[in-house]
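See below for the structure under consideration.
The values are calculated or read from the model by the stated rules, or taken from the named source; none is laboratory data. Quick caveat, the model's predicted, so the values are computed rather than measured. Heads up, the Cβs are rebuilt from the backbone with ideal geometry, glycines too, and the neighbour counts pull from every protein chain shown.
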């Protein structure tokens, strides 16, 4: 893990793979750690340079309050400049999808391709949100969402669970990172998917029991250049699902 302070902002990120390879900015899921290298070994083995950036509050990343999801792109711009990335792809998984959209929208001249696997849908859109089966409180504060995050995801975790990178890093700062994700996904994102001009490859399963297929399908319809692939039996996420998406979609692109 690398900690880098630029213009009074501290970034936590991992830079995996071949530094001369194709850069891919990885936007992690809700319960996740950028130190889960083994999870992305298939992507690294393609020769890619995989840059995983921890969102605020996860692991060693400072718990900075973001105005909206669009502010994530503004926040990491100094890091992208410091890494001297002339172009890159963006890969968003589950809860990382909105942040991947934000990056592609903010840097259309740099973002060549956008990949979305089991992505959180455009909950800012009332039509899409109508197909979301969970409560959306657009007025909720961070403290309220931190309490909710702990109850939903961590109340029954064991000591062994808490030692795993994904849970350990998600629990940091009182579940700040998870809580901020939950809070921002249902509010105004600060941009619209209609403004994302990057070519997008999206895959979603009809059997996804975390993110309804119809919400993902309608989200894909909001993107100007989206290739949407439906699967029938995949779970929301697994190592097998991830590896197949990397091999079948990301590597050939």
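Is there any pair linking a residue in segment 1-29 that is closer than 21 Å to residue 239 by Cβ to one that is loosely packed, with under 14 Cβ neighbours inside 10 Å and modelled with pLDDT under 95, with Cβ under 8 Å and at least six apart or on different chains, and which? Hits for this filter: 14/2.
For residue 130, the test of being over 27 Å from residue 251 (Cα atoms), modelled with pLDDT of 95 or more and exposed (fewer than 15 other Cβ atoms within 10 Å of the Cβ) is passed.
Of all residues in segment 98-127, those that are surrounded by fewer than 16 Cβ atoms within 10 Å (Cβ to Cβ) and either closer than 20 Å to residue 31 by Cα or without any contact (Cβ under 8 Å) to a residue 40 or more places away in the chain (or both) total 2. Taking the criterion of being in a helix (DSSP H, G or I) and under 22 Å from residue 39 (Cα atoms), the residues of segment 198-253 that qualify are 239, 240, 241, 242, 243, 244, 245, 246, 247, 248, 249, 250.
State whether the residues of segment 84-97 include one that is in contact (Cβ under 8 Å) with a residue 40 or more places away in the chain, over 12 Å from the mean Cα position of the chain (by Cα) and surrounded by fewer than 17 Cβ atoms within 10 Å (Cβ to Cβ).
Scanning segment 84-97 turns up at least one residue that is in contact (Cβ under 8 Å) with a residue 40 or more places away in the chain, over 12 Å from the mean Cα position of the chain (by Cα) and surrounded by fewer than 17 Cβ atoms within 10 Å (Cβ to Cβ).
Taking the conditions exactly as written (closer than 28 Å to residue 228 by Cα and modelled with pLDDT under 95), does residue 108 satisfy them or not?
no
Would you call residue 137 at pLDDT below 95 and in contact with a helix residue (DSSP H, G or I) (Cβ under 9 Å, 6 or more places away or on another chain)? When the stated conditions are applied, residue 137 passes them. With respect to the stated conditions, residue 43 is crowded, with 20+ Cβ neighbours inside 10 Å, touching a residue at least 12 places away in the same chain (Cβ under 8 Å) and more than 24 Å from residue 186 (Cβ to Cβ).
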